[in-house]
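Shown next, in structure tokens, is the structure this report addresses.
The values are calculated or read from the model by the stated rules, or taken from the named source; none is laboratory data. All of these numbers come straight from a predicted model, not from anything done at the bench. We place every Cβ from the backbone using ideal geometry, glycine too, and count neighbours over all the protein chains shown. In case anyone asks, the SASA skips ligands and DNA or RNA and just uses the protein heavy atoms, side chains included. Shrake-Rupley method; radii C 1.70, N 1.55, O 1.52, S 1.80 Å.
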Amino acid sequence: MMTQNTVTQDRQQTGVGSVRRVIDRMAGADRSGSLILVLVIAGALVAAAAGIVVFGQSNAEPYILAFLAALGTVGVFSLFALASGILRLSTTPTVNPLIKAVVDSAVDGVVVTAEDGRVVYANAAYLDLINASNADEMRPVERVFIGDADASEAVYRLLKAAREGMSLQEEVRIAGSKGRPARWLRLRIRPLDKGGRNSRLTVWSLSDVTRERERQENVFQELQHAIDYLDHAPAGFFSLDAEGDVVYLNATLANWLDQDLAQVGSGGLKLADLVAGDGAALLTTLRGAPGEVRTEVLDLDLRTRGGRTLPVRLFHKLAFGADGTPIASRTLVLNRAHDDGTDPQRAADIRFMRFFHNTPMAIATIDKQGGVIRTNPLFARLFRGLRGADGQGEDRSILSIVAERDRSALEAPIRQAAEGKGDIAPVDAMLAGQAERFGRFYVTAVEGAEHDQEMAIVYALETTAQRELEAKLIQQQKMESIGQLAGGMAHDFNNVLGAIMMATDFLLNAHRPTDPSFQDIMQIKQNANRAASLVRHLLAFSRKQTLRPQVLDLGEVLSDLNMLLRRLIGERVSLEVVHGRDLWPVMVDISQFEQVILNLAVNARDAMPEGGRLTVRTANVTATDCARYHAKGMPAADYVLVEVADTGTGIPAAIVDRIFEPFFSTKDVGKGTGLGLSTVYGIIKQTGGFVYVDSVEGQGTTFRIFLPRHAGAEDSAVGPAPVSAVQPKQVAGADLTGEGTILLVEDEEGLRALNARGLASRGYTVLEAGNGVEAIDLLERSERRIDLVVSDVVMPEMDGPTLLRELRSRDPSLRIIFVSGYAEDAFQKNLPAEGQFAFLAKPFTLKQLVEAVKETLAA
């Protein structure tokens, strides 16, 4: 040992001497610059002396004086320049002996190489690392490791970095030589004096890090042992990140749950994959103060990959950051499934735990102040993010999950429970948070509870969906009631208007246009027609009007309406129609759909008195896209969407739920009937579609109409019985007279008399009956052959459909026209499948009745 140390010291001293000789040579090279200047000055003096010899002393005297004067002047100015610092003498840079001693005796090997690879400087440690005994054996780094592939690659990368002006570090393993063990070297390289006079020099630093690597290897081995112990411990361990991803799962727990450890840490395994039911909410909803560390003891069921449950007890440790957000958790898992018979209470605990956690009711226990002590998973999930209005964990009061307006209502049953009272009435309250949610709370006192223990149990049910369903049902019932009332009124009004219109026709036929009363009769007829139009709106709302649906492309329909819409909305409102691509076909009544668009356009125009923009947009909506529109009550299916949007005044939120009611209007008296939107509602509902409105006061309104996609290719009316709607031809001067026997069945005596009079005036023989029974009796007693039956639908004793079946049983070829204030769809389902009939909607004029009769007889 002594010999080896002596040899090492001699090698270091020899190396230091050699290095000093190298440095001295470098310093001599630096002094060459000042020697050249001295030689130049000496040459000038020799030239001056030679000039004196050549020219002679007498002739050279003026030149000598001039030369001496020039030298004196240069000397004086040089002194001033030196004194002021403008001129400095070039001196040989001195090497700081302290720095030189530190570098020479450094533990790490240091070597400086030139651009061509020459070693400019190397300390003794470098000589020892490369096993060099003196300066003559000194080699650059790249030559030292020739033959070692790994080291050569590292040196190549280092040299490349140095050429690019960068610093770099590599660690390489060097095989041992001459009986030495293998070593680990850390190689560093950096350019020297980047951008300066020594910028072409490179500094290498070589450190022996063998012991450091050995320590790292030992630590790694110890860590491997610790992980192995943790993996095969008789308890489970897992860790979660803030997003609920499992970042660690030991082998024991993975074996219990039959999980694949390859999924851990990659985001493929979630907490919900491990915990059964809503139990994950108990872990993910914990809140704490900044810097707090909480440990919760929870009894839960974990879920295996095959779906089986495993009862466990969790010791869940969770730390919170400086901002109060949870960071990675650490959880110990104890398996409670193995029953060795030593703990008879365990089976009961597990049964109670499963009942408590899996009940479909949210449960929490509270103290006398209302502080939440324990909750089941459903409670944690339903009220996720509500506990703690300030986002911190201190506020664990159950009152914090209730909106402020209803907190006093929940405080009362909590006080009653604290007093030990029973039969506490449930409380309905609005929940805190941005969304509108509601809940019902049941509070039950716990007997014998201490001040700081569980004083009461709170059972909670979220009633948001129930309230929405109740509100929807009430609204639907209200609209149905209004619709039934409107439909009944419309039917009765149709009979009255029919009599008025028929009577005015008789009066007009009896008076000439020059008669003074002719204009009064025309005024009566015009008002009757206007009243008939209002009745049609009522029928549209009650969904009892006559529809003639056909397969349509809504894009083509809207294109045809373009010019009419522009004239309707005026020049101050711009119209934009955006057609969806490849629209699906729909089955609608084209005239009624056009009425819907026109009604919405008129409303939009009236909402933009100062002008604005009306946009009509169409698009296909798939079943999966329905949820995007938050359309309550609309089942998921394929629809064609029609949007009508304006930039008008909008609809106040207080009345937006009433806009579809008949006769409800915000317009001034005389500027609207209040039936425009109710007509839209009725037509769309009768077509099988849905209509919704979104409006922001002061920004505008958007109506969205969803029409079901038509899957078939047929273009026909819907219904079990073929119906022939009579569309009288408006031909000027047409002959409306005829002949034949008509059985007129109408329970309104006045209307029946007017209709019979009108038909008789056109040449027909009319037999009258007040209901179906009278009609059958008259048919059997009549000696005349009945050519046509004109019958009302709704009659006492025997209605129209029953009459049709009786008549067809006697005469299958008998023609019949039904007249009604309702649509034929209202009674069509009561007809036999082979029933054939024509239909004329009330109210009608004498001319329309005669045209329908003549057309049916001619068919």
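Return yes or no: is Ile401 closer than 20 Å to Ala380 by Cα, β-branched (Val, Ile, Thr) and in contact with a Phe, Trp or Tyr (Cβ under 9 Å, 6 or more places away or on another chain)?
Here the answer is yes, as Ile401 does meet what is asked.
Within the range 735-753, being assigned to a helix (DSSP H, G or I) and not aliphatic (A, V, I, L, M) holds for Glu749, Gly750, Arg752.
Condition first: more than 28 Å from Ile500 (Cβ to Cβ), modelled with pLDDT under 85 and either out of contact with any Cys (no Cβ under 7 Å at 6 or more places or on another chain) or open to solvent by 20 Å² or more (accessible area, probe 1.4 Å) (or both). Can you find one or more residues in the range 835-855 that meet it? Scanning the range 835-855 turns up at least one residue that is more than 28 Å from Ile500 (Cβ to Cβ), modelled with pLDDT under 85 and either out of contact with any Cys (no Cβ under 7 Å at 6 or more places or on another chain) or open to solvent by 20 Å² or more (accessible area, probe 1.4 Å) (or both). Only residues that are open to solvent by less than 40 Å² (accessible area, probe 1.4 Å) and within 13 Å of Leu767 (Cα to Cα) were counted across the range 741-753, and they come to 7. Can you tell me which residue is nearest to Leu469 (Cα to Cα) among those in the range 619-645 that are modelled with pLDDT of 90 or more and among the acidic types (Asp, Glu)? My answer is Asp638.
Just wondering, is there one or more residues in the range 361-384 that are surrounded by fewer than 19 Cβ atoms within 10 Å (Cβ to Cβ) and at pLDDT below 75? Yes; the residues of the range 361-384 include at least one that is surrounded by fewer than 19 Cβ atoms within 10 Å (Cβ to Cβ) and at pLDDT below 75. Among the residues making up the range 133-167, those that are in contact with a Phe, Trp or Tyr (Cβ under 9 Å, 6 or more places away or on another chain), open to solvent by 30 Å² or more (accessible area, probe 1.4 Å) and in contact (Cβ under 8 Å) with a residue 24 or more places away in the chain are Met138, Glu142.
Scan the range 125-157 residue by residue and report those that are in a helix (DSSP H, G or I), among the acidic types (Asp, Glu) and under 17 Å from Gly109 (Cβ atoms).
Selection gives Asp128, Glu137, Glu142.
Name every residue in the range 585-612 that is more than 15 Å from Glu643 (Cβ to Cβ) and either basic (Lys, Arg) or free of Cβ contacts under 8 Å to residues at least 60 places away in the same chain (or both), in order of residue number. Answer for the range 585-612, where residues must be more than 15 Å from Glu643 (Cβ to Cβ) and either basic (Lys, Arg) or free of Cβ contacts under 8 Å to residues at least 60 places away in the same chain (or both): Ile590, Ser591, Glu594, Leu598, Arg605, Met608, Pro609, Glu610, Gly611.
This table checks each residue for (1) more than 24 Å from Tyr639 (Cα to Cα); (2) modelled with pLDDT under 90; (3) open to solvent by 30 Å² or more (accessible area, probe 1.4 Å); (4) outside any loop (DSSP other than H, G, I, E, B).
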{"residue": "Ser665", "(1), (2), (3), (4)": "yes, yes, yes, no"}
{"residue": "Lys671", "(1), (2), (3), (4)": "yes, yes, yes, no"}
{"residue": "Gly682", "(1), (2), (3), (4)": "no, yes, no, yes"}
{"residue": "Phe703", "(1), (2), (3), (4)": "no, no, no, yes"}
{"residue": "Ser716", "(1), (2), (3), (4)": "no, yes, yes, no"}
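Scan the range 780-808 residue by residue and report those that are open to solvent by less than 60 Å² (accessible area, probe 1.4 Å) and either in contact with a His (Cβ under 7 Å, 6 or more places away or on another chain) or part of a loop (DSSP other than H, G, I, E, B) (or both). Those that are open to solvent by less than 60 Å² (accessible area, probe 1.4 Å) and either in contact with a His (Cβ under 7 Å, 6 or more places away or on another chain) or part of a loop (DSSP other than H, G, I, E, B) (or both): Ser782, Ile786, Asp787, Val793, Met795, Met798, Asp799.
Take the range 308-324 and flag every residue that is part of a loop (DSSP other than H, G, I, E, B) and either open to solvent by 70 Å² or more (accessible area, probe 1.4 Å) or within 20 Å of Arg346 (Cβ to Cβ) (or both). Spell out the reasoning first.
Pass one, the range 308-324, residues part of a loop (DSSP other than H, G, I, E, B): 308, 321-324.
Result: Arg308, Ala322, Asp323.
With respect to (1) among the aliphatic types (A, V, I, L, M); (2) assigned to a loop (DSSP other than H, G, I, E, B); (3) at pLDDT 85 or above, the lone exception for Ala654 is condition (3). When we screen Leu253, Leu282 for residues that are in contact (Cβ under 8 Å) with a residue 12 or more places away in the chain, over 30 Å from Asp150 (Cβ atoms), in contact with a Ser or Thr (Cβ under 9 Å, 6 or more places away or on another chain) and part of a helix (DSSP H, G or I), the only hit is Leu282.
Restricting Leu788, Leu751, Leu744, Leu831 to those that are out of contact with any Pro (no Cβ under 7 Å at 6 or more places or on another chain) and at pLDDT below 90 reduces the list to Leu751.
Can you tell me which residue is nearest to Ile683 (Cα to Cα) among those in the range 573-601 that are among the acidic types (Asp, Glu) and open to solvent by 30 Å² or more (accessible area, probe 1.4 Å)? Result: Glu594.
Is it the case that Asp208 is closer than 30 Å to Phe145 by Cβ, surrounded by 13 or more Cβ atoms within 10 Å (Cβ to Cβ) and among the acidic types (Asp, Glu)?
Answer is yes for this residue.
Look at Ala362 and say whether it is of a type in the set (A, V, I, L, M, F, W, C) and more than 30 Å from Phe441 (Cα to Cα). So Ala362 does not fit the description; no. Evaluation of Gly265 against the conditions (1) under 24 Å from His225 (Cβ atoms); (2) outside any loop (DSSP other than H, G, I, E, B); (3) of a type outside the set (D, E, K, R) shows that the sole unmet condition is (2). What residue, among those in the range 602-621 that are under 33 Å from the mean Cα position of the chain (by Cα) and under 27 Å from Val551 (Cα atoms), is surrounded by the most Cβ atoms within 10 Å (Cβ to Cβ)? Among them, the one singled out is Leu614. Restricting the first member to the range 291-307 and to residues that are in a strand (DSSP E or B), and the second to residues that are basic (Lys, Arg), the beta-carbon pairs closer than 6 Å and six or more apart or on different chains are Thr295/Lys317; Asp299/Arg313.
Condition check ((1) at pLDDT below 85; (2) touching a Leu at 6+ places or on another chain (Cβ under 8 Å); (3) farther than 28 Å from Val247 by Cβ) across all residues:
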{"position": "Ala319", "(1), (2), (3)": "no, no, no"}
{"position": "Thr325", "(1), (2), (3)": "yes, no, no"}
{"position": "Val333", "(1), (2), (3)": "no, yes, no"}
{"position": "Phe356", "(1), (2), (3)": "yes, no, yes"}
{"position": "Thr359", "(1), (2), (3)": "yes, yes, yes"}
